[in-house]
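The values are calculated or read from the model by the stated rules, or taken from the named source; none is laboratory data. Here the structure is a predicted model, which means the values were calculated and not measured. With ideal geometry, Cβ positions are generated from the backbone for all residues, glycine too; neighbour counts draw on all protein chains shown.
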Protein chains: 2
Amino acid sequence: MKDVAQHAGVSTATVSRVLNGHAAPTPETRERVLAAIEELGYRPNALARSLRTTSTQTLGLVISDLLNPFFAEIARAVEDEARSHGYCVVIGNADESAEQEATYVRTLLDRRVDGLLLCPATDDPSLVREVSAGGVPLVLLDRTVRGATCPVVRADGSEALTALARRLVGAGHSRIGVIAGPPDTSTGRERSDVFTGALGGAAQIVHGDFRQESGSQAAAKLIDDGVTALVAMDNLMGLGALGEIKARGLRIPHDIAIAVFDDQPWFPLLDPPITVIAQPTVEMGRAAARSLLALINGQQPDDVRLSAKLVLRGSCGEAEL
Amino acid sequence: MKDVAQHAGVSTATVSRVLNGHAAPTPETRERVLAAIEELGYRPNALARSLRTTSTQTLGLVISDLLNPFFAEIARAVEDEARSHGYCVVIGNADESAEQEATYVRTLLDRRVDGLLLCPATDDPSLVREVSAGGVPLVLLDRTVRGATCPVVRADGSEALTALARRLVGAGHSRIGVIAGPPDTSTGRERSDVFTGALGGAAQIVHGDFRQESGSQAAAKLIDDGVTALVAMDNLMGLGALGEIKARGLRIPHDIAIAVFDDQPWFPLLDPPITVIAQPTVEMGRAAARSLLALINGQQPDDVRLSAKLVLRGSCGEAEL
DNA sequence: GACAGCCGTGTAATCGATTAACTTCTCGTC
DNA sequence: GACGAGAAGTTAATCGATTACACGGCTGTC
């Protein structure tokens, strides 16, 4: 920057003003400075700028698992929205581990992100408290924690889950297996609670960990127990369950019905296509980013709940069968 | 930091020394400083530290498309490897757009990442030159550019593609359609070149853009042209092609054979399971991160080529049929 | 007892920007 | 012609760390 100033025959203050469109340098000075910048190929040092201004124009996003396409899509949406407001997004991958999550959150805070989006790995509020105590704007995404005091953006699956329960009961299923997420995550509990509630409590629940392998194992256990319908509360566990069904040579929906929470582009390709509860993923990501930006600008955004939709495709014996 | 120093009754220099394990403060001083840090909940400002040391302990990763599970897995692997060496990764999503790619690369350079991993959107070398000119360590991943002068890490599909070509010809296919990537990407050209080469040139090629929609369109065109086998050179285009095949009610492999470059966990679930060329995705990501770290440490890593493997599953009429 | 050498710490410069406060200069007005 | 307002630009403090250099005190040697 000093070089640029010298080259243009002005002070660094003037260069800074030209750069930030501040005050009012003469058009002529402006030109000289811009020419010098161009000639020297100068690019301002974002670190120094941030140190001085205490603003990094960066949002932190800590997600549970980058390999889960649901979160990948969320990340994509957050990034789009953030970029359109001139913000950058740094993604941290917690790998469904509370420890790694905490590490990432602290790293991001150390780098002074302007705000943080978090998909908490567990519903333990201590990390959230730590962030809030630091005064950093925080929005929770997809999942919440006990006694959360910050805005939360998530999908509301109650209606869809209730409709699904009715469908399955209506189709004559009385032994229904639920592959739920970990009981210490809000989505792990709530989804299966709502579903079994709508079922009148007559379901068998196995908790997985939102990963494929746990889906296979849960499915195996439930099938051994004689269920005639499976509901996987996450796309990866659904993938695992479908693998187990295929491995056993069971026919869908004749031998066993299945539905999955969270749609993926390949579900319609299976035979029969899989009935799912589709979440408004992109909207969730955008809404979360918007809420966070609002919080950063001193506003008090409300919680957001976007409803998920039941998409009937045939794997529960409805539709064309 | 000043507060901590005051609290512990020492100077900031000493605090810094304790923090960095430098020199040798007395164990007793050390304790006092650590206690003060603990009590005040002090966390060092990474921006200031980086400004001073000109090292951010951060790698930049610009990938073509975060929604493509292939790149998501790469990102995950890069991050794992980087973290295990004490580095953080900032991910930028170029969305297969050269323009957005350039924007992200510049943003990352402005933030002074210690090195950059790039999956170039096109084989135009100008951006790569720009980065190299800035003296920032750079490694290309998955794709290369014309006249690249930096290390490249990628998959080698020649053997697998050749084997696949032989299989298809052996199975009696004479009209084979290739759904290739954009001709201005190295993977878009090379894969179909190798494949059609092995075929003796007797293939019809349609170029897509590495996304699902283009896969459907390409498949539609090729099927209309009467091909009896399809090879999609990327998993998303493969997804699109499979959708088109399903929409037309064609039976695999009886009416049409299909194989896809790049494996995904759901390919085995289809009926029949899809024959693929599996890339060593995780290894590619790790190798790229390692190369970059080596470069940062002043070494001169070689290019890395990891071979992809043909996985026969039935969609080309081999196996159990 | 004086002096060299080492050890633990403090002082202050520095990284590259932003910006408050100040200086200069140009006009316009009476 | 003097004075004041306003515009354009400069000087220097500052953000929060790191680190070269300086300094004082202790030890050991002759």
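For segment B:290-310, does any single residue satisfy the condition of being among the small types (Gly, Ala, Ser), in a helix (DSSP H, G or I) and away from chain A (no Cβ under 13 Å)?
Of the residues in segment B:290-310, the ones among the small types (Gly, Ala, Ser) are B:291, B:294, B:298, B:307-308.
Within this subset, residues satisfying the condition of being in a helix (DSSP H, G or I) are B:291, B:294.
Those still in the list that are away from chain A (no Cβ under 13 Å) too: B:291, B:294.
Yes: one or more hits.
Which one is nearest to B:Gly135 (Cα to Cα), of the residues in segment B:276-321 that are out of contact with any helix residue (DSSP H, G or I) (no Cβ under 8 Å at 6 or more places or on another chain) and among the hydroxyl-bearing types (Ser, Thr, Tyr)?
Among those that are out of contact with any helix residue (DSSP H, G or I) (no Cβ under 8 Å at 6 or more places or on another chain) and among the hydroxyl-bearing types (Ser, Thr, Tyr), it is B:Ser291.
Is there a residue being closer than 30 Å to A:Pro265 by Cβ and either basic (Lys, Arg) or more than 11 Å from DNA strand C (Cβ to nearest atom) (or both) anywhere in segment A:46-59? Show your work before the answer.
Step one: filter segment A:46-59 for residues closer than 30 Å to A:Pro265 by Cβ, giving A:59.
Remaining after also requiring either basic (Lys, Arg) or more than 11 Å from DNA strand C (Cβ to nearest atom) (or both): A:59.
Yes; the residues of segment A:46-59 include at least one that is closer than 30 Å to A:Pro265 by Cβ and either basic (Lys, Arg) or more than 11 Å from DNA strand C (Cβ to nearest atom) (or both).
So how many residues does segment B:241-271 have that are facing chain A (nearest Cβ under 9 Å) and touching a Ser or Thr at 6+ places or on another chain (Cβ under 7 Å)?
Number satisfying all stated conditions: 1.
Going by the structure shown, is B:Leu164 buried (at least 24 other Cβ atoms within 10 Å of the Cβ) and not assigned by TED's automatic domain parsing to the domain that holds B:Ala218? It would help to see each step written out before you state the result.
Numbers: buried (at least 24 other Cβ atoms within 10 Å of the Cβ): yes; not assigned by TED's automatic domain parsing to the domain that holds B:Ala218: no.
No.
Which members of segment A:261-284 meet the condition of being outside any helix (DSSP H, G or I) and under 19 Å from B:Asp271 (Cα atoms)?
Restricting attention to segment A:261-284, the residues satisfying the condition of being outside any helix (DSSP H, G or I) are A:261-266, A:270-280.
Matches in segment A:261-284: A:Gln264, A:Pro265, A:Trp266, A:Leu270, A:Asp271, A:Pro272, A:Pro273, A:Ile274, A:Thr275.
Of these, A:Arg112, A:Arg106, which one is of a type in the set (Lys, Arg), within 27 Å of A:Ser126 (Cβ to Cβ) and within 12 Å of DNA strand D (Cβ to nearest atom)? Can you show your working first?
Working: A:Arg106 fails: within 12 Å of DNA strand D (Cβ to nearest atom).
Exactly one of A:Arg112, A:Arg106 is of a type in the set (Lys, Arg), within 27 Å of A:Ser126 (Cβ to Cβ) and within 12 Å of DNA strand D (Cβ to nearest atom), namely A:Arg112.
Could you check segment B:47-67 and list, in sequence order, the residues that are surrounded by fewer than 21 Cβ atoms within 10 Å (Cβ to Cβ) and either in contact with a Leu (Cβ under 6 Å, 6 or more places away or on another chain) or farther than 30 Å from B:Phe261 by Cβ (or both)?
B:Ala48, B:Arg49, B:Leu51, B:Arg52, B:Thr53, B:Thr54, B:Ser55, B:Gln57
Please report, ordered by residue number, the helices (runs of 4 or more DSSP H) entirely within segment A:7-117 with at least 3 residues that are facing another protein chain (nearest Cβ under 9 Å). Explain how you work it out, then say what you get.
Working: elements: A:12-20, A:27-40, A:46-53, A:69-84, A:98-110.
The qualifying helices (runs of 4 or more DSSP H) are A:46-53, A:69-84, A:98-110.
Can you tell me which of B:Leu108, B:Leu116 is more than 22 Å from A:Arg106 (Cβ to Cβ), buried (at least 20 other Cβ atoms within 10 Å of the Cβ), hydrophobic (A, V, I, L, M, F, W, C) and at pLDDT 95 or above? Spell out the reasoning first.
Details: B:Leu108 fails: more than 22 Å from A:Arg106 (Cβ to Cβ).
Residue meeting the stated conditions: B:Leu116.
Please tell me if A:Asp123 is assigned to a loop (DSSP other than H, G, I, E, B), buried (at least 17 other Cβ atoms within 10 Å of the Cβ), away from chain B (no Cβ under 12 Å) and acidic (Asp, Glu).
So A:Asp123 fits the description; yes.
Residues in segment B:127-134: is at least one on the phi > 0 side of the Ramachandran plot and at the interface with another protein chain (Cβ under 9 Å from one of its Cβ atoms)? Break it down stepwise before answering.
So the first thing to find is which residues in segment B:127-134 are on the phi > 0 side of the Ramachandran plot, and the list is none.
Within segment B:127-134, none of the residues are on the phi > 0 side of the Ramachandran plot and at the interface with another protein chain (Cβ under 9 Å from one of its Cβ atoms).
Counting only residues that are crowded, with 20+ Cβ neighbours inside 10 Å and of a type in the set (Lys, Arg), how many does segment B:126-147 have?
Of the residues in segment B:126-147, 1 are crowded, with 20+ Cβ neighbours inside 10 Å and of a type in the set (Lys, Arg).
Does A:Gln217 fit the bill of being within 14 Å of another protein chain (Cβ to nearest Cβ) and either among the polar types (S, T, N, Q) or in contact with a Pro (Cβ under 7 Å, 6 or more places away or on another chain) (or both)?
On the way: within 14 Å of another protein chain (Cβ to nearest Cβ): no; either among the polar types (S, T, N, Q) or in contact with a Pro (Cβ under 7 Å, 6 or more places away or on another chain) (or both): yes.
The answer is no for A:Gln217.
If A:Asp3 passes every condition in (1) among the acidic types (Asp, Glu); (2) at pLDDT below 95; (3) under 19 Å from B:Ile63 (Cβ atoms) but one, which one does it miss?
Only one criterion in (1) among the acidic types (Asp, Glu); (2) at pLDDT below 95; (3) under 19 Å from B:Ile63 (Cβ atoms) is unmet by A:Asp3, namely (3).
If you scan segment A:1-52, which residues turn out to be of a type in the set (D, E, K, R) and under 41 Å from the mean Cα position of the chain (by Cα)?
Step one: list which residues in segment A:1-52 are of a type in the set (D, E, K, R), which gives A:2-3, A:17, A:28, A:30-32, A:38-39, A:43, A:49, A:52.
Answer for segment A:1-52, where residues must be of a type in the set (D, E, K, R) and under 41 Å from the mean Cα position of the chain (by Cα): A:Arg17, A:Glu38, A:Arg43, A:Arg49, A:Arg52.
On the given criteria, is B:Gly208 modelled with pLDDT of 95 or more, within 13 Å of chain A (Cβ to nearest Cβ) and surrounded by 19 or more Cβ atoms within 10 Å (Cβ to Cβ)? Write out each step before concluding.
Details: modelled with pLDDT of 95 or more: yes; within 13 Å of chain A (Cβ to nearest Cβ): no; surrounded by 19 or more Cβ atoms within 10 Å (Cβ to Cβ): yes.
For B:Gly208, the condition - modelled with pLDDT of 95 or more, within 13 Å of chain A (Cβ to nearest Cβ) and surrounded by 19 or more Cβ atoms within 10 Å (Cβ to Cβ) - is not met.
Could you check A:Val128 against (1) farther than 24 Å from A:Leu310 by Cβ; (2) in a loop (DSSP other than H, G, I, E, B); (3) modelled with pLDDT of 95 or more and say which number it fails?
Looking at each condition in turn, A:Val128 falls short on (2).
Would segment A:44-51 turn up any residue that is of a type in the set (Ser, Thr, Tyr), under 30 Å from A:Glu101 (Cβ atoms) and either within 10 Å of DNA strand D (Cβ to nearest atom) or not assigned by TED's automatic domain parsing to the domain that holds A:Val128 (or both)? Give the derivation first.
If we filter segment A:44-51 for residues that are of a type in the set (Ser, Thr, Tyr), which is where we start, we get A:50.
Within this subset, residues satisfying the condition of being under 30 Å from A:Glu101 (Cβ atoms) are A:50.
Applying the additional criterion that residues be either within 10 Å of DNA strand D (Cβ to nearest atom) or not assigned by TED's automatic domain parsing to the domain that holds A:Val128 (or both) yields A:50.
Yes; the residues of segment A:44-51 include at least one that is of a type in the set (Ser, Thr, Tyr), under 30 Å from A:Glu101 (Cβ atoms) and either within 10 Å of DNA strand D (Cβ to nearest atom) or not assigned by TED's automatic domain parsing to the domain that holds A:Val128 (or both).
Report yes if some residue within segment A:21-29 is within 16 Å of DNA strand D (Cβ to nearest atom), touching a residue at least 12 places away in the same chain (Cβ under 8 Å) and in contact with a His (Cβ under 7 Å, 6 or more places away or on another chain); otherwise report no.
no
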